[in-house]
Amino acid sequence: MTGTADGAREAVAVLLGFARVLRAAGVDASAERVHAFLRAVDALRPGARTDVYWAGRLTLCSGRDDLERYERVFAAYFGTGEPGGPPVPATPRPQRRLVVRDVAGRRAAGTEEERPGPPLAARASSTETLRHRDLADLADGEREQVRRLLAALAPCGEVRRTARRRPARRGDVDPHRTVRELLRRGGEPARLRRRVRAERPRRLVLLVDVSGSMAPYADALLRFAHAAVRGRTAEVFTIGTRLTRVTRELSHRDPGPALNAAWAAVPDWRGGTRLGELLREFLDRWGQRGMARGAVVVLMSDGWERGDPELLAAQMRRLHRLAHRVIWANPLKARPGYAPLAAGMAAALPSVDVFVEGHSLAALENLATVVRGASPHDAASPGRAVPGPSAAPRGGAHRA
């Protein structure tokens, strides 16, 4: 009985991890949808990969835009295979113990039998464990798996209401469309046409530290930035001893060429850190002119500063006044006993709205949900996002 209970808990943890990755990829996998997903998997054949695939697709996806993201996340999380292919019968097990077998090979010309692969739940369980591993400690094969999962993310800024309006079933009466409808009907009574304010994601600005102390994490952070650039509302800069704008280099759809172009454009890879001076350069050239105004700004750095901490503190206050939210992702935050005692981190933290970890895949998934507007308590991560000292709502026009 104990083994059965442990297997059921492990299976549920795997499925919940899959839902968290989907949420970070932009799929609206709410708690109700996740509950329906777990019930569907329990009611269907838990030994068939196709049942897990279709249970998730029918319960976790809410629109056509979610389907492509679901396909990418399913393949990256559960491994390669034909998700819609014929199921592989599993050995009888207790009802609530989920062990899904993969299709290791396809039927060749309709004669070869399918060879059962390793249990899908066991493979996904290893993926779930990998999500929480420190990126600096991964082997080459594990890094490739993490890269596939990072490519499935879709970070974007939280939604804001615009001045434009769009037709809707509920909302304010649209007088122009209503009058046109009346004229079409020759003055006969017609249904009132309504409209609501349109929404669009805020601009997302990523400042990625590529100094020597951040070298073990730089590749994963730039891949996270590449996933954000795909949404066409993100700007990416690298910071070290120089400030380099790499948005155009990361705009290539394929992560490989995009990362190669970005590394070729960065002249200060594995150099020192001058956060205060580079942040001032960013604000003078781009931020003050509109790029940071009302945007979600994310700094990915360990906070080590070789320059004047007072300069960094002053520039962070400038940024804080311009941006809608300032988020800092620090890979060192996950270490036991960590405290922001470094001069640069201590100087910047009073102007940070949310302070999160950045050391693992799960931490980056959590970061993706935070930049989308999820509150720190709703972020899906073992180390929750911690509001900074300035996390209270701020007034002013820059918050619009």
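The values are calculated or read from the model by the stated rules, or taken from the named source; none is laboratory data. In this text, all values refer to a predicted model and were calculated from it rather than measured experimentally. Ideal geometry is used to build each Cβ from the backbone, glycine not excepted, and the neighbour counts take in all protein chains shown. For the accessible areas, the whole protein counts, side chains as well, though only heavy atoms, and no ligand, DNA or RNA atoms are used. Shrake-Rupley method; radii C 1.70, N 1.55, O 1.52, S 1.80 Å.
Tabulated results
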read-out	value
Residue that is touching a residue at least 60 places away in the same chain (Cβ under 8 Å) and more than 26 Å from the chain's Cα centre (by Cα), where the choices are Gly344, Gly337	Gly344
Residues that are crowded, with 24+ Cβ neighbours inside 10 Å and assigned to a helix (DSSP H, G or I), drawn from the range 320-335	Pro331
Subset tally (residues that are open to solvent by 70 Å² or more (accessible area, probe 1.4 Å), in a loop (DSSP other than H, G, I, E, B) and over 24 Å from Gly373 (Cβ atoms)) for the range 170-185	1
Given (1) at pLDDT below 85; (2) open to solvent by 10 Å² or more (accessible area, probe 1.4 Å); (3) over 23 Å from Leu367 (Cβ atoms), index of the condition Glu32 fails	(1)
Where Thr162 falls short, out of the listed (1) polar (S, T, N, Q); (2) open to solvent by 60 Å² or more (accessible area, probe 1.4 Å); (3) modelled with pLDDT of 50 or more	(2)
Where Leu192 falls short, out of the listed (1) open to solvent by 60 Å² or more (accessible area, probe 1.4 Å); (2) in contact with a helix residue (DSSP H, G or I) (Cβ under 8 Å, 6 or more places away or on another chain); (3) modelled with pLDDT under 85	(3)
Residue check for Leu283: under 13 Å from Ser211 (Cβ atoms) and part of a helix (DSSP H, G or I)	no
Search result, residues across the range 300-310 that are in contact (Cβ under 8 Å) with a residue 40 or more places away in the chain and either assigned to a helix (DSSP H, G or I) or open to solvent by less than 10 Å² (accessible area, probe 1.4 Å) (or both)	Met300, Ser301, Asp302, Gly303
Failed item in (1) over 24 Å from Ala152 (Cβ atoms); (2) of a type in the set (D, E, K, R); (3) not in a helix (DSSP H, G or I), with Glu277 passing the rest	(3)
Candidate set from the range 236-272 (those that are touching a helix residue (DSSP H, G or I) at 6+ places or on another chain (Cβ under 6 Å) and charged (D, E, K, R)); member that is nearest to Val370 (Cα to Cα)	Glu249
Ala136 being closer than 28 Å to Gly303 by Cβ and either open to solvent by 90 Å² or more (accessible area, probe 1.4 Å) or part of a helix (DSSP H, G or I) (or both)	yes
Hits in the range 196-210 - residues which are open to solvent by 60 Å² or more (accessible area, probe 1.4 Å) and modelled with pLDDT under 85	Arg197, Glu199, Arg200
Selected residue (criterion: modelled with the highest pLDDT) from residues of the range 341-352 that are open to solvent by 10 Å² or more (accessible area, probe 1.4 Å) and in contact with a Gly (Cβ under 7 Å, 6 or more places away or on another chain)	Leu349
From Ala55, Ala19, Ala24, Ala13, residue being closer than 15 Å to Val73 by Cα and modelled with pLDDT under 85	Ala24
Residue check, Arg143 more than 21 Å from the chain's Cα centre (by Cα) and not acidic (Asp, Glu)	no
Residue in the range 92-103 that is more than 21 Å from the chain's Cα centre (by Cα) and at pLDDT 80 or above present	no
Test: residue in the range 256-275 that is open to solvent by less than 40 Å² (accessible area, probe 1.4 Å) and within 17 Å of Ile327 (Cβ to Cβ)	yes
Selection within the range 347-362 - hydrophobic (A, V, I, L, M, F, W, C), in contact with a helix residue (DSSP H, G or I) (Cβ under 7 Å, 6 or more places away or on another chain) and in a helix (DSSP H, G or I)	Ala347, Ala348, Leu361, Ala362
Elements of type strands (runs of 3 or more DSSP E) in the range 192-265, at least 3 residues being of a type in the set (Val, Ile, Thr) and touching a residue at least 24 places away in the same chain (Cβ under 8 Å)	234-239
